Amino acid sequence: MSLATLDHLLSVLGVRYRFEFDVPGSPVRQRDAVHAWALGSLRRRLGRMGFDVAGEVEIGGDRSRGWIDVLAFRGVDGLLAVGEFKSDLVDLGALERQVAWYEREATMAASRRGWRPSRVISVAFVLATAVNDDRVKANAALLREAFPGRAQDLEHAFARGGPAHRRFLVMIDPASRSPSWILPTAIERPRRTPPYRDYADAARRAARR
């Protein structure tokens, strides 16, 4: 199949795609700088809040294997936070299934590090773009049920209060240095204008760091 035919087929199906090429002999470029940028920001934020933080935590076995983006434990109150970052919010069903799997595996992954959590919360951290904001708004009913926790609730949980919810969906801006780094989504009030238009806009910002 030619590239032109493939392009036409994917366009008709409404599929967005991106080709990446490595030129022989050229330096290998990082494939998702935004993801690495956001995870670095998350780990620093959680570390300053008293959490022990592990990244890319392997879970599963021979038949299914995955990696939790961020696993954070705070010994003073036994809170274990399971964090998954999405730079582009595309498949909401897959996100919900992924978070549920991570929740089931998180306590065992924590115990391998000597952590003894008394409560577990899961957080889907989404890059704060206008595109992701629109997708959250378009799927508000599903997301309210699947991720009932809001930005303000998560701030309360991280401030060592008892979380009212187990799952949270919030937005983040890796470039932000504000103490209020947990941003509300399109289904919350008050809202904020996302700092990025889309993934490409955030990638340009990441490249200028």
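Counting only helices (runs of 4 or more DSSP H) that fall entirely inside region 117-166 and contain at least 2 residues that are closer than 22 Å to residue 180 by Cα and open to solvent by less than 60 Å² (accessible area, probe 1.4 Å), the qualifying elements are 130-138, 151-158. For region 161-196, a tally of residues being in contact with a Ser or Thr (Cβ under 9 Å, 6 or more places away or on another chain) and among the basic types (Lys, Arg) returns 3.
Scanning region 38-57 for residues that are free of Cβ contacts under 8 Å to residues at least 12 places away in the same chain and either under 18 Å from the mean Cα position of the chain (by Cα) or over 25 Å from residue 78 (Cβ atoms) (or both) yields 44, 47.
The rows are residues; the columns are (1) of a type outside the set (Lys, Arg); (2) open to solvent by less than 30 Å² (accessible area, probe 1.4 Å).
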| position | (1), (2) |
| --- | --- |
| 172 | yes, yes |
| 186 | yes, yes |
| 189 | no, no |
| 192 | no, no |
| 197 | no, no |
| 201 | yes, no |
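Within region 117-161, restricting attention to residues that are of a type in the set (D, E, K, R) and touching a residue at least 40 places away in the same chain (Cβ under 8 Å), the residue that is nearest to residue 192 (Cα to Cα) is 133. Counting only helices (runs of 4 or more DSSP H) wholly contained in region 1-113, the ones carrying 3 or more residues that are among the acidic types (Asp, Glu) and either at pLDDT 95 or above or surrounded by 12 or more Cβ atoms within 10 Å (Cβ to Cβ) (or both) occupy 92-111. Checking residue 174 against (1) more than 16 Å from the chain's Cα centre (by Cα); (2) at pLDDT 90 or above; (3) not hydrophobic (A, V, I, L, M, F, W, C), which test does it fail? Going through the list (1) more than 16 Å from the chain's Cα centre (by Cα); (2) at pLDDT 90 or above; (3) not hydrophobic (A, V, I, L, M, F, W, C), residue 174 breaks only (1).
The values are calculated or read from the model by the stated rules, or taken from the named source; none is laboratory data. Being a predicted model, the structure only gives us computed values, none of them experimental. Reconstructed Cβ throughout: ideal geometry from the backbone, glycine too, with neighbour counts over all protein chains shown. Note: areas computed on protein heavy atoms with side chains; ligands, DNA, RNA excluded. Shrake-Rupley method; radii C 1.70, N 1.55, O 1.52, S 1.80 Å.
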